[in-house]
1. Output the residues belonging to the stretch 32-55 that are surrounded by 10 or more Cβ atoms within 10 Å (Cβ to Cβ) and over 29 Å from the mean Cα position of the chain (by Cα).
2. Going through the stretch 202-229 one residue at a time, which ones are under 23 Å from K55 (Cβ atoms), of a type in the set (K, R) and either surrounded by 10 or more Cβ atoms within 10 Å (Cβ to Cβ) or at pLDDT below 85 (or both)?
3. Would you be able to say whether some residue in the stretch 16-23 is among the charged types (D, E, K, R) and touching a residue at least 60 places away in the same chain (Cβ under 8 Å)?
4. Name the pairs: first residue in the stretch 186-201 and exposed (fewer than 10 other Cβ atoms within 10 Å of the Cβ), second residue assigned to a loop (DSSP other than H, G, I, E, B), Cβ to Cβ under 9 Å, at least 6 apart or on different chains?
5. If we keep just the residues of the stretch 163-177 that are touching a Ser or Thr at 6+ places or on another chain (Cβ under 6 Å) and of a type in the set (K, R), which is surrounded by the fewest Cβ atoms within 10 Å (Cβ to Cβ)?
6. Output the residues belonging to the stretch 20-48 that are touching a strand residue (DSSP E or B) at 6+ places or on another chain (Cβ under 9 Å), of a type in the set (S, T, N, Q) and outside any helix (DSSP H, G or I).
7. If you scan the stretch 176-209, which residues turn out to be outside any helix (DSSP H, G or I) and among the small types (G, A, S)?
8. Quick check on the stretch 67-90. Is at least one of its residues at negative phi, crowded, with 18+ Cβ neighbours inside 10 Å and small (G, A, S)?
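The values are calculated or read from the model by the stated rules, or taken from the named source; none is laboratory data. Being a predicted model, the structure only gives us computed values, none of them experimental. Here the Cβ positions follow ideal geometry from the backbone for every residue, glycine too, while neighbour counts run over all protein chains shown.
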Amino acid sequence: MNKIVFASEPNFQQKDVFPPAPTKNYLPDWYKATDSYINGERKPVGEGNVSVTIKKCMPVFDALTAGYLIFTYTDIYVSQKDNSPYYEWPTGDILQWHPTVQAPNHPKHNEHPYPKFMNGWSIQTPKGYSCLFINPTHRESPISILEGVVDTDTYTNTINFPFVLKDSKFEGLIPRGTPIVQVIPFERESWRMEIGEHNEKEFFKTRGKLLSQFFDKYKTDFWHRKDYA
């Protein structure tokens with residue numbers, strides 16, 4: 001099994017406050033509260049359909065549990081001052097800023113400087129592996145990072161995350177322990193795209209499997225477990 005290491009910088013005093021963790025350990029409340037079947041009834045509902053909910057969708061499950069989460073490690077309070085967001089936090093150098101001129105045409109640009117979350121963790125992966133940094137999937141949050149990729153096998157410094165408020169007029173508390181980044185390690189490989197056609201034999205083989213059962217079709221015959229510990 002490959003190993004990913006989250007190493008705290010020497011002066012990071014809050015390293016024990018919501019350290020990085022496997023995403024699967026922090027499923028969002030909405031997902032946990034959702035039943036697997038409509039009205040709790042595991043049964044066909046006509047025309048080959050069944051009473052499943054999003055809870056049984058393995059692609060959503062894989063996105064929700066992929067990789068690791070980085071959390072805010074102090075409270076951040078946002079208010080409005082002079083028609084701009086104003087940020088406060090208890091202590092430390094948790095935020096810095098990028099001026100708007102550095103990314104004036106970015107689709108997330110909202111006329112305000114970009115706050116940058118000063119992450120206290122560096123990330124180390126095996127040779128040939130990088131990390132994709134995205135917004136935590138299928139979760140509500142007042143903030144949205146600017147996604148990126150870092151070659152974490154060679155870059156051993158801390159990685160910081162510029163973000164924006166989804167609503168630039170937002171006011172309120174972003175509590176410590178808020179998931180801010182989802183980290184997904186991947187192996188660097190070269191790819192070449194082609195436009196092709198269905199392999200008819202494989203297409204109908206797959207279709208036959210899908211039409212032969214009511215429940216857990218994709219999970220039973222096609223899904224592979226992904227392990228992030």
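1. Step one: list which residues in the stretch 32-55 are surrounded by 10 or more Cβ atoms within 10 Å (Cβ to Cβ), which gives 34-38, 41-45, 50-55.
The answer is E41, R42, K43, P44, V45, V50.
2. Within the stretch 202-229, K209, K217, K219, K226 meet the criteria.
3. Keep residues of the stretch 16-23 that are among the charged types (D, E, K, R), which gives 16.
From what is left, the residues that are touching a residue at least 60 places away in the same chain (Cβ under 8 Å) are none.
Checked the stretch 16-23: no residue is among the charged types (D, E, K, R) and touching a residue at least 60 places away in the same chain (Cβ under 8 Å).
4. That search, which allows pairs on different chains as well, returns E189/G128.
5. Filtering first and then ranking leaves K166.
6. Step one: filter the stretch 20-48 for residues touching a strand residue (DSSP E or B) at 6+ places or on another chain (Cβ under 9 Å), giving 20-23, 25-26, 28, 36-38, 42-44.
After this cut, where a residue has to be of a type in the set (S, T, N, Q) as well, the list is 23, 25, 36.
Within the stretch 20-48, S36 is the sole residue that qualifies.
7. Going through the stretch 176-209, the residues outside any helix (DSSP H, G or I) turn out to be 176-199.
Residues satisfying the conditions are G177, S190, G196.
8. No.
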